[in-house]
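Report on the following structure.
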Amino acid sequence: MKKLMMALAMFGGVLFSAQAQNNDKAPVKKIEVTGTAEEEVLPDKIFVSVTLREYFKDKDNKNRVDILVLEQQLQKAVADAGLSKEALTVGGINGYREWWGKKKPTNFLESKTYTLALANLSKIDAILNRVDEKGILSTNIERFEYSKIDELKKQVKIKALQNAKEKANYLLAGIGEQLGEALEIYEIDNGYYPQPMYAAMKREMAVSADAAPMQESTVDVQKIKVRFDMKAVFKIK
């Protein structure tokens, strides 16, 4: 029993000595900074919705313009613009009965919403101008995409981390210290902001499909901004 007690006492002494040495070790000097980087690119995929609606040419509601007529005008305009058939798809179909005076509704008018995929907006005005303007209910930009967005995100994150290192380096140089290795790196996922706008969506008077060649718009969307922050902790030598 005495031998066991002596062994425990010796072990406790060694443990206490090791803890004391660890407590005496100087804390690691470090600096924590946040780096920022951003890039802007033009979207290379733009999706525009176009809603066509049947309507009556006469006030007595007897001469209706069929949705298929309007659809064919839109299809021809898309083809004349040099786009493939796959660029135009149907996104939705709606309809309603129109009330006329005190009589019960008898006329059913159909509307269709199409999605037009474009590389840019240079031809959108010319396409819409070749469709009966009374048959166009609305147009709207649905969304923007950039085909290489994942690669762009990686590049921006690396630049943000490099910015953090550069910032830590000149801050320490200002107080006569030297930058050491990176101890910790944190990704601040503030993402990217695809918020381009189009400034020329108003339409001029519609023209005949057999009119002069299409005139392309010179107004394009704003660029997509991709921004990231990276936080890094560096050792001070």
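Assorted remarks:
- Pairs over the 25 Å Cα-Cα cut-off, from the set K157/K225; K59/K134; K29/K225: K29/K225.
- In this structure, the amide hydrogen of E142, modeled 1.01 Å from its nitrogen in the peptide plane, lies closer than 5 angstrom to those of F47, V48, S49, counting only residues at least 5 positions away or on a different chain.
- Surface accessible to a 1.4 Å probe, L161 within the full protein complex, Å²: 50
- Trypsin sites (Lys or Arg not before Pro) restricted to region 51-97 and DSSP loop, no more than 14 other C-beta within 10 Å: K57, K59, K62
- A26 paired with R143, simple spin-label distance in nm, labels 7 Å along Cα-to-beta-carbon: 5.6
- Computed with a 1.4 Å probe on the full set of protein chains, the accessible area for E142 sits at about 80 Å².
The values are calculated or read from the model by the stated rules, or taken from the named source; none is laboratory data. None of these values were measured; they are calculated from a predicted model. Positions of Cβ are backbone-derived with ideal geometry, glycine not excepted, and every protein chain shown enters the neighbour counts. Areas reflect the complete protein model, heavy atoms only, side chains present, ligands, DNA and RNA absent. Shrake-Rupley method; radii C 1.70, N 1.55, O 1.52, S 1.80 Å.
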